[in-house]
1. Where the accessible area of the range 72-153 is counted over protein heavy atoms with a 1.4 Å probe, how much of it, in %, is carbon and sulfur?
2. Just how far, in whole angstrom, is the range 97-150 from the range 1-35 if you go by their alpha carbon centroids?
3. For the range 120-274, what's the relative contact order in percent, using C-alpha pairs closer than 8 Å and at least 6 residues apart?
4. For the chain, modelled as a GNM with alpha-carbon contacts under 10 angstrom, which of Val144, Val90, Val66 fluctuates the most?
5. Using each residue's phi in the range 221-236, evaluate 6.51 cos²θ - 1.76 cosθ + 1.60 at θ = phi - 60° and report the 3J(HN,Hα) Karplus result to the nearest Hz, with x for Gly and Pro.
6. Can you compute 3J(HN,Hα) from phi for each residue in the range 133-146, using the Karplus curve 6.51 cos²θ - 1.76 cosθ + 1.60 with θ = phi - 60°, rounded to whole Hz and x for Gly and Pro?
7. Any idea what the relative contact order of the chain is, in percent, if you count C-alpha pairs under 8 Å spaced at least 6 apart?
8. Taking amide hydrogens as modeled 1.01 Å from N in the peptide plane, which residues meet the under 5 Å criterion relative to Thr2, leaving out close sequence neighbours?
Amino acid sequence: MTPDLHTHTTASDGSLAPLALIERAADCGVTHLSITDHDTMAGYAGLPPPDELPLVLVPGIELSAVWRTTGVHVVGLGVDPADESLALRVIEQRERRLERARRIADRLARRGVAVPLGEILEEAGDGMVGRPNFAASLVRHGHVRDVAAAFRRYLGNGKAGDVRTEWPPMRDAVAWIRAAGGIPVLAHPARYGLTWQRLRALVHSFREAGGRAIEVVSGHQDALTTARLASIADDARLAASCGSDFHSPGRPWADLGRHAALPPGVRPVWELWA
Ligand code: AMP
Ligand code: MN
Ligand code: MN
Ligand code: MN
């Protein structure tokens, strides 16, 4: 079994359409795939029926939320794509993203960088608009050399385009996922810039809120981080998930299903739905 339970498509900030992602995942040997686009399940619309897919597709989503003052992401695995209350929450998240996009454009303009908001929204299309769309625009219009520089100078933590968004509290995101029949998973715990002590506090709150698993393996991650996350999952009696957080082809080591296997001793998240 080769699971990849965290990936993105053109429904959010990924570059492959859902079916192309599924085909690439199957070619990479992935047997169990979840498409977890930012704040949307639009990628699941219009797919062939499950028995015509080359792998097992686990319906998923990655919700933007906040814990204390830290922005966090909660993946939902096995959520019902037809769940109506989750669909309403998704509409609210889209409105938050649109409002944020306007504020990012304002803030960048005040810093002397005029970004064409109309063009950015058009490029995002039906997908959720996010900072990667701004990064692409900054590159396209010659303000920065590449996406990494766009985040470094304008969009990353503490920069002008890092505007405070009224994301819902983490406990709400967890509850919405559970109400839609899904398993809440704390995404990429090592990427919030928290000390290990604060991360333990976050994981504790996540569990208290009804969270069931954390991503012990997220993408290309060093072995020490994996071991620490395994120990945090074990202490909190949470299951372990794994995924590439794939956005686009081009980095072979970060391709679909290329992440390390879960370490021994943790409880794999798929045991919760088996
Ligand atoms: P948003 O959801 O709009 O806040 O945008 C966050 C997304 O931007 C993440 O999911 C990543 O895909 C992408 N991202 C964040 N930091 C960087 C970075 N330093 N370089 C490239 N992409 C990034
Ligand atoms: Mn992303
Ligand atoms: Mn994320
Ligand atoms: Mn992601």
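The values are calculated or read from the model by the stated rules, or taken from the named source; none is laboratory data. Remember, predicted model here, so these are calculated numbers, not experimental data. Backbone-built Cβ (ideal geometry, glycine too); neighbour counts: all protein chains shown. For accessibility, only protein heavy atoms count, side chains too; no ligands or nucleic acids. Shrake-Rupley method; radii C 1.70, N 1.55, O 1.52, S 1.80 Å.
1. Values: 2170 of 4400 Å².
Heavy-atom surface of the range 72-153 belonging to carbon and sulfur, 1.4 Å probe: 49 percent.
2. Centre-to-centre (Cα) distance: 26 Å.
3. Numbers: 182 pairs, mean separation 23.7, N = 155.
Result for the range 120-274 is 15 percent.
4. Judging by the Gaussian network model, the answer is Val144.
5. Result, rounded to whole Hz: 10, 6, 5, 5, 4, 4, 5, 5, 5, 4, 5, 5, 4, 5, 4, 8.
6. Karplus values, whole Hz, x for Gly and Pro: 5, 5, 4, 4, 5, 4, 5, 4, 9, x, 6, 9, 6, 8.
7. Details: 517 pairs, mean separation 57.1, N = 274.
Once normalised by length, the contact order is 21 percent.
8. Thr31, His32
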